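Data first, discussion second: the structure below is written as structure tokens.
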Amino acid sequence: MDVTATPPRVTLFGHWICPYSVRVSFALAERRIAHDVVEVPPTAVRPKGFVVPRQFVDHSPKGEIPMVRVGDTYRADSLPILEWLETCVSGRPLLPADDDRRARVRERVAWIDAHVFGPMIGIYYGTRTDRIARASDALEAALGEMGDWLDAGPWLAGETPTLAEAAAVPVWVRLEALARLGFTGRLDERVATHVDRCRDLEGWAHVAWSDAQTDELVGRTEHHRAIVRGDLG
């Protein structure tokens, strides 16, 4: 699908608690793409009796959020969605036109996905103290690596925000929750400054967590840990 002068209707199927949905929500808002949102909670937090929209069932191959509809076309999986939106919906680009910068953005997005999201998820899905501690150490190391990137400029892949920011923002919005759930590492000062810069971006207001949302993730996680440990029996 080519970018056209007439913007197609865009719909995001997702949920605030899903970090992969947050990536897409942030990118849509940062690019100033008008869109509808259909809330589809992840299976783990889906209320009893929740009816999953039929079009989500029909078009999300794995039944996982996020999914985006542009016109009559659907895509699932956050990183392919981010790239696809750059080609099919006009708006402020988050993927540079320059080949070298574009390659750097893609490399860093993939790196964040591989080295940051794993430890993050390891912290709040972890049930054993030693494994949570290892995930915390791995996350601290990964954030330190990202701090080194920031020595070259204010953003993760250069002088302007890119898809690398969209990839990282889901971690930034849950830093407080991660600290409460076992992240004991020192937050690299360069990363902390980057988080503050992201808070000033237009997309941040669409994904920033309230205290209640932080409390909800922490509460759900602690409840899950208690079940696994047998503390609720």
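The values are calculated or read from the model by the stated rules, or taken from the named source; none is laboratory data. It should be emphasised that the depicted structure is a prediction, and the values quoted were computed from it without experimental measurement. Every residue, glycine among them, receives a Cβ derived from its backbone with ideal geometry; neighbour counts consider all protein chains shown.
Taking residues in the stretch 58-74 that are under 17 Å from P41 (Cβ atoms), and partners anywhere that are exposed (fewer than 12 other Cβ atoms within 10 Å of the Cβ) and at pLDDT below 95, the pairs with Cβ atoms closer than 9 Å and at least 6 places apart or on different chains are G63/T43; G63/V57; E64/T43.
The condition of being exposed (fewer than 15 other Cβ atoms within 10 Å of the Cβ) and of a type in the set (D, E) does not hold for D188. Residues in the stretch 45-69 that are assigned to a loop (DSSP other than H, G, I, E, B), among the β-branched types (V, I, T) and crowded, with 19+ Cβ neighbours inside 10 Å: I65 only. Scanning the stretch 70-83 for residues that are farther than 12 Å from L28 by Cβ and either in contact with a Phe, Trp or Tyr (Cβ under 7 Å, 6 or more places away or on another chain) or not in a loop (DSSP other than H, G, I, E, B) (or both) yields T73, Y74, R75, A76, L79, P80, E83.
Give the stretch 139-185 a look and list any residue that's surrounded by fewer than 24 Cβ atoms within 10 Å (Cβ to Cβ), among the charged types (D, E, K, R) and touching a Gly at 6+ places or on another chain (Cβ under 9 Å), or say none. Those that are surrounded by fewer than 24 Cβ atoms within 10 Å (Cβ to Cβ), among the charged types (D, E, K, R) and touching a Gly at 6+ places or on another chain (Cβ under 9 Å): E140, E159.
All of (1) surrounded by 19 or more Cβ atoms within 10 Å (Cβ to Cβ); (2) within 19 Å of R128 (Cβ to Cβ); (3) among the aliphatic types (A, V, I, L, M) hold for V207 with one exception: (2).
Selection of first residues in the stretch 147-167 that are within 11 Å of I112 (Cα to Cα) and of second residues that are of a type in the set (K, R), restricted to Cβ pairs under 7 Å at least 6 apart or on distinct chains, gives the following pairs, ordered by first then second residue: L156/R108; A164/R108; A166/R23; A167/R23.
Quick grid of which residues meet (1) under 25 Å from P161 (Cβ atoms); (2) assigned by TED's automatic domain parsing to the domain that holds R220; (3) not polar (S, T, N, Q):
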{"residue": "R23", "(1), (2), (3)": "yes, no, yes"}
{"residue": "R31", "(1), (2), (3)": "yes, no, yes"}
{"residue": "V37", "(1), (2), (3)": "yes, no, yes"}
{"residue": "A44", "(1), (2), (3)": "no, no, yes"}
{"residue": "V52", "(1), (2), (3)": "no, no, yes"}
{"residue": "Q55", "(1), (2), (3)": "no, no, no"}
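Pairs meeting the criteria (first residue in the stretch 197-214 and free of Cβ contacts under 8 Å to residues at least 60 places away in the same chain, second residue exposed (fewer than 14 other Cβ atoms within 10 Å of the Cβ) and part of a loop (DSSP other than H, G, I, E, B), beta carbons under 8 Å, at least 6 apart or on different chains) are R197/P154. Specify the residue that is surrounded by the most Cβ atoms within 10 Å (Cβ to Cβ); the eligible residues are those in the stretch 87-105 that are touching a residue at least 12 places away in the same chain (Cβ under 8 Å) and of a type in the set (D, E, K, R). Per the stated criteria, the residue is R104.
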